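Worksheet for the structure shown next.
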Amino acid sequence: MITTLFFVVAFIAAAVASVAGFGTATITIPFLALIIGFKQAIILIAFFHGFSNLFKLITLRQSVNVRLMLLYGIPSVLTAIAGAYLLDIIAPEGIGLGIGIFLILFAVYSLVNPSRTLPERNYILVAGGLLSGFTAGLIGMGGAIRGAFLISTKIRKEMYIATSAAIALCTDIARITTYVSRGNLEPQYYWYIPVLFVIGFAGTRLGVKLLRRLPEPTVKRVVMVMLLLASISFILNYLGIINMGQG
């Protein structure tokens, strides 16, 4: 029953992430970690994350901003591999706390000052890619940082989602390859992969339909609310109020 409930949550997460540009891992990893443990949950959700991003990219491929994808994506891939290698070495709790504090300040500032945007300077995009890739590889939740950086530029909603999906897919492939090559995924959990493939397709299809109907300001507000929720979950986990399954 709890596994079935997880799959329902995963469907909702895929739909939400297709509007917000992130949230698949943030929503599903804590839930799946209660069933199979944190490290196995990170690996399986990497597959789910990759499937969802692939479907988003296929649907919105004409909206990808190649410049943003390269400047942000290449550093993200490199640090995702580094983070994946450190999965068994570094305790992720402290990193989660730092990310939570950063995101909550960023989201509050953006909601209070909705007209403010980040300049699309190369070093800002590279820095965002380095940080989100490392976070994705180590704790499986780099999407919130990626969303914060990309939504703060002036790109339109479809371009934001498509570019974010392209970047995330590159990161997903890098870390999945690392996990698999190191034999991190235990065989008894292989059966989750085809089920998550189907759920990822269905949830993403619904989310993209919603995205196309929502106005630009609403999408940006959804992203900021999701950033607040993600940051609060990181902080509460560090304080031990909720359990995101570390260890």
### Task
Can you confirm whether segment 34-56 contains a residue that is without any contact (Cβ under 8 Å) to a residue 24 or more places away in the chain and among the hydrophobic types (A, V, I, L, M, F, W, C)?
no
### Message
It is to be established whether one or more residues within segment 87-104 are at pLDDT 80 or above and closer than 27 Å to residue 195 by Cα.
### Response
no
### Task
Report yes if some residue within segment 179-187 is part of a helix (DSSP H, G or I), in contact with a Ser or Thr (Cβ under 6 Å, 6 or more places away or on another chain), farther than 19 Å from residue 27 by Cα and modelled with pLDDT of 90 or more; otherwise report no.
no
### Query
Can you name every residue in segment 221-237 that is within 16 Å of the chain's Cα centre (by Cα) and either surrounded by fewer than 23 Cβ atoms within 10 Å (Cβ to Cβ) or not polar (S, T, N, Q) (or both)?
222, 223, 224, 225, 226, 227, 228, 229, 230, 232, 233, 234
### Task
Among the residues of segment 20-36, count how many are surrounded by fewer than 24 Cβ atoms within 10 Å (Cβ to Cβ) and at pLDDT 85 or above.
2
### Task
Output the number of the condition that residue 198 fails; it satisfies all remaining conditions of (1) without any contact (Cβ under 8 Å) to a residue 60 or more places away in the chain; (2) touching a Leu at 6+ places or on another chain (Cβ under 6 Å).
(2)
### Query
If you take the residues in segment 110-128 that are within 22 Å of the chain's Cα centre (by Cα) and at pLDDT below 75, which one is farthest from residue 153 (Cα to Cα)?
111
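The values are calculated or read from the model by the stated rules, or taken from the named source; none is laboratory data. Small disclaimer: the values here were computed from a predicted structure and weren't measured. Positions of Cβ are backbone-derived with ideal geometry, glycine not excepted, and every protein chain shown enters the neighbour counts.
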